[in-house]
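Colleague: Take this structure first; my questions come after.
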Amino acid sequence: MRNLAIVGIGITKHVSKRRDVNIPELVYEAVKTALDDAGIQPKDIDALVTGNMPAFEGINCPELWGGGYWGGYKKPLIRITTGGSTGASVAQGSFYMVASGLYDTVLTLAFEKQSDGNTTIGLNSTAMADVANMTAYGLRGPVVEASGAIGLFVYQATSYMAKSGCTVEHIDRAAAMLRNNAAKNPFAHLQQSGVTAADIAKTPMISYPLRFGHTCPASDGACAMVVTTEEKARKLSRKPVWVNGWAACSEEPAIVGLFGAGSVNVDPAEQRSCKLAATKAYSMAGIKEPWKEIDLAEPYVPFAYQLFIYFERLLLCDEGHAPRLFDQGVMDLQGNLPTCPSGAVVSSNAIGAAAMIRIAECALQIRGEAGQRQVTKEVHNAVAHGLGGQANFNVVTVLGDKPNRR
Amino acid sequence: MDQIEEHISISGKWPLSAYTWKTERFLDRFTANLAKKKIFGARCSNCGTVFVPPVVVCTRCHSRMSLDKDQDWIWVSDMGTVIAYSISYLAVGDGLQARAPEKRPLFILVRLDGTDTDIFAELIDTVEEKIKVGMRVQVAWSEVPKGDLSDILFFRSL
């Protein structure tokens, strides 16, 4: 297997509505930035991997529409979609292509233009086959309502809180930190500099324990990266970011639709698949003690409490300890293991792009090019995470400032 | 550079009602027993995992169950333990509306005793302050169960 590196990064400024562009044009912005960053042209690209949420904008095969705008003319192109983790899965698709020796330079891109779409129909299109059948067998009313969107994650939250001692006040403080980090990130959607935990605590409760202030917005945004071989990376980039380990793991769905027809439901806070994916990715990257060797983490955090649960499930501390470490300042920009300096998915959520941006943000931090959100600590190794499916699909990527000699 | 003008918007519909999906027939046997206030689970004869509601293929060990025979069915308790919960503060309807505190529904994820799956339900006859992970609950059967999934949608605390 060949070494590979990220040599080009493009992230668009996330907003709630980009009325001035359509989907191909929005993605073009990220692609152009990534190609310029790598100093290459579309002719230098050997293949493309794309992805977004299926049906969220009412378009399947969006690459038929946008492929030409993204430099895909006469190139191999595949689309990958895995729910919330789509962006990370798309990126990993490009890693497989380069590592295998099949292609040298691959453009990987992911996007969502939520303002063009209909999230309810999009979500229904993923859950309907399950829910419709159960409805035919008498499932009804408020229980159906309670499972939608945020309804899925409140159960992970209360189960995690019971296991860890995490309180709603912890979640308020986590949200405040993430909002302030986002205010230092020019690509972030929500810009709420100076917001405090007390401000967050004043936002209305949606479903206990989650308030509006703990949740993500719906964004328009795109991300693209250029991934290439060690040989080409050294020619193209002064600071290639090495993709040293990656893994994905699927487990039995945690809270699928209703009653989980066709599957075992597991405790949504358990997240074995995250621990398994992390273990494999660290091992591939030659990292033996992640809590010591990882300098920065970008877990997938669309709801603020997930800062804690995924810090733990990425094996960065013992289970149940994350809220305490957070209170000690470990996850701050100046901390010992800064976490989500980008402001996290909770501050910008273009769904398909969100998990790729976790990888891109880690890469920018390793390059020392994260501007105001650059962490104090020197970043040698970083871990990025994506969460998808029905909270049952975890994707973990380990990046470094040096290639891991395998 | 001049500000780019807003794009033209073209609207369309993607009606999910145009599709059809299939479901397993053996759910009939499961729901028919609910009418007798009994809960039937499917037990994988290979690994022992118990599913409520039943499934055809065990997602733990990938064996196919033979639910046309009695051997892979097992009676399970109507009592269970709360794995996770939520309290719904906002009503989704015509916009979001705050519910009066006494009208906030309590939703739970329950693991019935003797099963390996969690099901969703609403917890009734319980005050908000008492709900917690690990609490014991039991199906609140109606006097005359209908013989469908709505029979096990409501639980009360023990």
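Colleague: Just give me the residues in region A:357-379 being out of contact with any Ser or Thr (no Cβ under 6 Å at 6 or more places or on another chain) and under 17 Å from A:LEU314 (Cα atoms), in sequence order.
Modeller: Residues satisfying the conditions are A:ARG358, A:CYS362.
Colleague: How many residues are basic (Lys, Arg), farther than 29 Å from A:ALA363 by Cβ and in contact (Cβ under 8 Å) with a residue 12 or more places away in the chain if we restrict to region A:170-225?
Modeller: Of the residues in region A:170-225, 1 are basic (Lys, Arg), farther than 29 Å from A:ALA363 by Cβ and in contact (Cβ under 8 Å) with a residue 12 or more places away in the chain.
Colleague: Restricting attention to region B:109-118, report how many residues are modelled with pLDDT under 90 and assigned to a strand (DSSP E or B).
Modeller: 2
Colleague: Still on this structure: From A:GLY138, A:GLY148, which residue is modelled with pLDDT under 95 and either on the phi > 0 side of the Ramachandran plot or of a type in the set (Lys, Arg) (or both)?
Modeller: A:GLY138
Colleague: Here's something else I'd like to know. Among the residues of region B:141-157, are any away from chain A (no Cβ under 12 Å), assigned to a strand (DSSP E or B) and of a type outside the set (S, T, N, Q)?
Modeller: yes
Colleague: Also, I was wondering about something else. Does A:ASN180 satisfy the condition of being part of a helix (DSSP H, G or I) and either among the small types (Gly, Ala, Ser) or modelled with pLDDT under 95 (or both)?
Modeller: In short, no.
For (1) among the polar types (S, T, N, Q); (2) under 30 Å from A:ALA127 (Cα atoms); (3) part of a helix (DSSP H, G or I), each residue gets a yes or a no:
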position: A:ASP332; (1), (2), (3): no, no, no
position: A:ALA344; (1), (2), (3): no, yes, no
position: A:ARG358; (1), (2), (3): no, yes, yes
position: A:VAL383; (1), (2), (3): no, no, no
position: A:LEU387; (1), (2), (3): no, yes, no
position: A:ALA391; (1), (2), (3): no, yes, no
position: A:VAL395; (1), (2), (3): no, yes, no
position: A:VAL398; (1), (2), (3): no, no, no
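Colleague: If B:ALA121 meets every condition in (1) at pLDDT below 90; (2) away from chain A (no Cβ under 13 Å); (3) assigned to a strand (DSSP E or B) apart from one, which number is that one?
Modeller: (2)
Colleague: Out of the residues in region A:258-297 meeting the condition of being at pLDDT below 95 and part of a helix (DSSP H, G or I), tell me which one is farthest from A:CYS317 (Cα to Cα).
Modeller: Checked region A:258-297; the qualifying residue farthest from A:CYS317 (Cα to Cα) is A:SER273.
Colleague: Can I ask one more? Answer yes or no: is there a residue in region B:49-62 that is without any contact (Cβ under 8 Å) to a residue 12 or more places away in the chain, surrounded by fewer than 21 Cβ atoms within 10 Å (Cβ to Cβ) and either within 26 Å of A:TYR208 (Cβ to Cβ) or facing chain A (nearest Cβ under 9 Å) (or both).
Modeller: Yes, region B:49-62 contains at least one residue that is without any contact (Cβ under 8 Å) to a residue 12 or more places away in the chain, surrounded by fewer than 21 Cβ atoms within 10 Å (Cβ to Cβ) and either within 26 Å of A:TYR208 (Cβ to Cβ) or facing chain A (nearest Cβ under 9 Å) (or both).
Colleague: Which condition number does A:SER16 fail, the rest of (1) within 14 Å of chain B (Cβ to nearest Cβ); (2) surrounded by fewer than 22 Cβ atoms within 10 Å (Cβ to Cβ) being met?
Modeller: (1) is the only condition that A:SER16 fails.
Colleague: Regarding region A:78-87, can at least one residue be identified that is over 20 Å from the mean Cα position of the chain (by Cα) and among the aliphatic types (A, V, I, L, M)?
Modeller: no
Colleague: Restricting to region A:1-29, name every residue that is among the aliphatic types (A, V, I, L, M), within 24 Å of the chain's Cα centre (by Cα) and more than 23 Å from A:ASN118 (Cβ to Cβ).
Modeller: Residues satisfying the conditions are A:LEU4, A:ALA5, A:ILE6, A:VAL7, A:ILE9, A:ILE11.
Colleague: Please pick out the residue among B:VAL137, B:VAL110, B:VAL127, B:VAL133 that is surrounded by fewer than 17 Cβ atoms within 10 Å (Cβ to Cβ) and of a type in the set (Val, Ile, Thr).
Modeller: B:VAL127
Colleague: Can you name every residue in region B:68-108 that is of a type in the set (D, E, K, R), part of a loop (DSSP other than H, G, I, E, B), within 14 Å of chain A (Cβ to nearest Cβ) and without any contact (Cβ under 8 Å) to a residue 24 or more places away in the chain?
Modeller: Of everything in region B:68-108, those that are of a type in the set (D, E, K, R), part of a loop (DSSP other than H, G, I, E, B), within 14 Å of chain A (Cβ to nearest Cβ) and without any contact (Cβ under 8 Å) to a residue 24 or more places away in the chain turn out to be B:ASP94, B:ARG99.
Colleague: May I pose another question? Across region A:342-387, what is the total count of residues that are out of contact with any strand residue (DSSP E or B) (no Cβ under 7 Å at 6 or more places or on another chain) and either within 22 Å of A:ALA176 (Cα to Cα) or small (Gly, Ala, Ser) (or both)?
Modeller: 14
The values are calculated or read from the model by the stated rules, or taken from the named source; none is laboratory data. Just so it is clear, the structure is predicted and the values come from calculations on it, not from any experiment. Quick reminder, even Gly has a Cβ in these numbers, built from the backbone with ideal geometry, and neighbours come from all protein chains shown.
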